[in-house]
Amino acid sequence: MSRQQLARRIIHWLLTVAVIVYLLTGFGITQYRIVEPLTFGLLTKNLAHRIHINLEIPFIILVVLHIWLLPLLRRFKLKH
């Protein structure tokens with residue numbers, strides 16, 4: 001597997017995890033009466049809100065990398 005493929009795969013998986021956590025915490029903020037029992041009290045409304053807010057910048061960075069990864073890799077010729 002080349003560096004380019006590895007970088008793509010890592011970015012895609014990180015973005016997938018970020019989207020799932022972002023959705024789960026957003027749901028945990030709005031529907032906390034459902035999410036708290038499902039997570040056995042681990043994801044409270046306050047914790048979901050803090051995670052959701054702190055995930056904004058990493059989410060934006062991952063989306064930008066996801067969109068611009070191939071052009072950036074081609075520009076800097078990081079093939080191997």
- line: Selection from segment 1-60 of residues among the small types (Gly, Ala, Ser), exposed (fewer than 15 other Cβ atoms within 10 Å of the Cβ) and farther than 27 Å from PRO71 by Cα yields GLY41
Matching residues, segment 61-80, being surrounded by 14 or more Cβ atoms within 10 Å (Cβ to Cβ) and touching a Leu at 6+ places or on another chain (Cβ under 9 Å): LEU62, VAL63, LEU65, HIS66
message: Please go through segment 27-75 and give me each residue that is in contact with a Lys or Arg (Cβ under 7 Å, 6 or more places away or on another chain) and under 30 Å from GLN5 (Cβ atoms), ordered by number.
response: LEU69
- prompt: Limited to segment 1-36, what total is found for residues that are β-branched (Val, Ile, Thr) and without any contact (Cβ under 8 Å) to a residue 12 or more places away in the chain?
  reply: 6
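Laboratory data are not the source of any read-out in this text; all were calculated from the coordinates shown. Computed from a predicted model, the values in this text were never measured in an experiment. Glycine gets a Cβ as well: all are built from the backbone with ideal geometry, and neighbour counts include every protein chain shown.
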